[in-house]
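Note sheet for the following structure.
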């Protein structure tokens with residue numbers, strides 16, 4: 001492969017420009033406008049914004065930029081998300097040598113703008129040097145940080161390639177080929193309200209019932225494949241009122257669909273059994289307790305095989321450019337889970353970002369340069 005110099009000054013300038021463009025979840029409009037301008041200059045064969053904003057509530061839909069390519073190779077796609085977590089308003093990028101950080105009172109935005117920057121630079125190099133390249137689609141989603149909402153609202157028929165890569169993970173030289181499925185839990189325990197000083201025996205304390213059920217339920221690291229967590233609990237109205245309702249939000253994750261289903265069932269059984277075992281000690285309670293248990297698939301299982309095209313291609317080009325990669329299984333969910341759920345083989349490529357979702361977030365220029373080199377190889381080798 002001919003060695004093509006990567007313009008690090010331009011890479012740094014693009015990254016800074018993107019990070020300093022505010023794009024917290026549901027407020028991706030400015031970022032979408034920037035990407036439309038940048039990609040218009042790269043002459044895509046097709047570009048459009050979908051109608052997912054009607055579902056997500058974002059200022060923008062998902063963006064698609066399609067390049068027909070000049071080789072007969074199988075097409076691929078790249079995915080990044082446009083949104084950032086908070087605090088992400090008024091980001092000011094600081095550079096110390098090779099390292100980019102924020103001024104310290106906001107996140108930086110390298111999650112996921114380091115990936116977007118590398119994609120832009122790779123296409124600029126291809127255009128400037130008139131390099132032969134394979135057909136490619138760039139897909140920029142909204143609202144990833146608040147539940148993968150943009151990817152979930154995306155119509156997979158818009159994507160012509162059968163496999164691709166999401167640029168969205170910390171560290172560098174890591175390729176994520178497996179991630180768990182997750183069920184989101186919403187559990188409402190219903191008791192009966194009563195005045196706690198005058199007639200407590202008329203009431204049924206929903207907080208007490210919820211506590212008893214949580215004590216029975218599996219929680220934490222269950223095994224090497226599975227976790228259960230209860231993240232929020234809300235209930236009661238005043239200290240002198242027997243609480244009539246408690247709402248608990250949680251999740252179950254597993255790399256095994258069977259374990260996911262089984263653990264979700266165990267949590268449901270813990271609450272159901274607690275309600276079934278309730279007894280009225282005085283016989284004067286003004287009702288009976290109940291529970292409303294809801295489990296919804298948050299994101300599907302992601303599991304790739306070494307024979308899959310998405311695996312084979314990145315191994316092939318990494319060898320060609322002498323780049324060492326580690327293939328790993330992760331514990332988080334991302335747009336890649338959703339894309340795999342659509343039947344589109346999708347691996348996650350780490351971009352070099354570290355300390356993400358914090359004001360200590362950072363990324364190095366060298367990692368973004370090497371990421372650009374890997375993307376360029378995937379497109380041109």
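Separation of segment 330-376 and segment 67-120, taken as the distance between their Cα centroids, equals 9 angstrom. The stretch between residue 305 and residue 269, if pulled fully straight at 0.36 nm per residue, gains 9.5 nm over its current Cα-Cα span.
Order these peptides, 321-327, 140-146, 18-24, by their mean beta-carbon neighbour count within 10 angstrom, highest first.
Descending packing order for the listed peptides: 140-146, 18-24, 321-327.
If I fit a long axis through the Cα atoms of helix 206-216 and take the longest principal axis of the Cα atoms of the chain, what angle between them do I get, 0 to 90°, rounded to 10? Taking Cα atoms only, the helix is inclined about 60 degrees. Computed from Cα positions, the angle between helix 110-128 and the longest principal axis of the chain comes to roughly 20 degrees. Take each peptide in 296-306, 112-122, count the other Cβ atoms within 10 Å of every residue, and average; sorted highest first, the result is 112-122, 296-306. A full extension of the chain between residue 321 and residue 98 corresponds to an added length of 78.0 nm, given 0.36 nm per residue minus the alpha carbon distance. What is the helix-to-structure angle for 365-380, meaning the angle in degrees between its Cα long axis and the longest Cα principal axis of the chain, kept from 0 to 90 and rounded to the nearest 10? Orientation of helix 365-380: about 70 degrees from the principal axis. Each residue, residue 201 and residue 329, gets one label point 7 Å from its Cα in the Cβ direction; the gap between the two is 5.6 nm. Spin-label model, residue 219/residue 74: points 7 Å from Cα along the beta carbon direction are separated by 4.6 nm.
Name the shape class, rounded, prolate or oblate, that the alpha-carbon gyration tensor gives for the chain, where a ≥ b ≥ c are the square roots of its eigenvalues, rounded holds for a/c under 1.5, and otherwise prolate holds if a/b is larger than b/c and oblate otherwise. Cα axes put the chain in the prolate bin.
Here, each number is a calculation from the coordinates, and none is a lab measurement. Bear in mind the structure is a predicted one, so any value in this text is a computation, not a measurement. Cβ atoms come from the backbone with ideal geometry, glycine included; neighbour counts cover every protein chain shown.
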